[in-house]
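What follows is a set of notes on a single structure, which appears directly below.
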Amino acid sequence: QHVLSKEKERGGKTLDGQMLMGPAWLLEGTAEYFELRYWRARNPNFFGPSVANLQQIYRENRVSLEELEAFGSVLNLERYRIALLAVELLAGRAGEGALIDFWRKLGAGQTREAAFFEAFGVGLSAFRADFSELGSNYPAAVKFTKSMD
């Protein structure tokens, strides 16, 4: 993520002055997402948490994505799982390659909002606003991942 976004070369900021790496929930959720993929590939009997399990954690904690924006805000298991839920939804919608594509677009100089929209087909602000519903409503999450929103 750091290499793809060219964080060092760009001084850690987007052209519009935001922290280059994107929201903390996206950074940490993506790391969790790929770690789960690794363990699933190594052990066919390992599944990890499902979207429904992650939604239960969200319903019990109700932490918004806005609360998970700043670095250092994803600081316990529940918050990591909520970040993972957001990333699972985005990867389900646009494919796991879109996660990598987001940081490449940041590295190419795009704003966070533009890179997010191009990578995932939904605006960052819209996703944040819709996350409460997507995080708690399984049919809404399925519809979102099928790009039928």
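What follows is calculated from the coordinates using simple rules that are stated; it is not laboratory data. All values derive from a computational prediction rather than experimental measurement. Using ideal geometry, Cβ is built from the backbone for each residue, glycine included, and neighbour counts are taken over all protein chains shown.
Here are the numbers for this structure:
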| read-out | value |
| --- | --- |
| Filtered chymotrypsin sites (Phe, Trp or Tyr not before Pro), segment 42-101: DSSP coil and at most 16 other beta carbons within 10 Å | Phe46, Phe47, Phe71 |
| Within segment 105-149, GluC sites (Glu not before Pro) in DSSP loop having at most 13 other beta-carbon neighbours inside 10 Å | none |
| Sparse-neighbourhood loop sites, trypsin sites (Lys or Arg not before Pro) in segment 23-62 - DSSP loop, at most 12 other Cβ within 10 angstrom | Arg62 |
| At R0 = 25 Å, FRET efficiency that the Cβ-Cβ distance of Glu113 and Ala52 yields, to 0.05 | 0.25 |
| Residue-by-residue Karplus 3J(HN,Hα) for segment 65-76, coefficients 6.51, -1.76, 1.60, Hz, glycine and proline x | 5, 4, 6, 10, 6, 6, 5, x, 8, 9, 10, 8 |
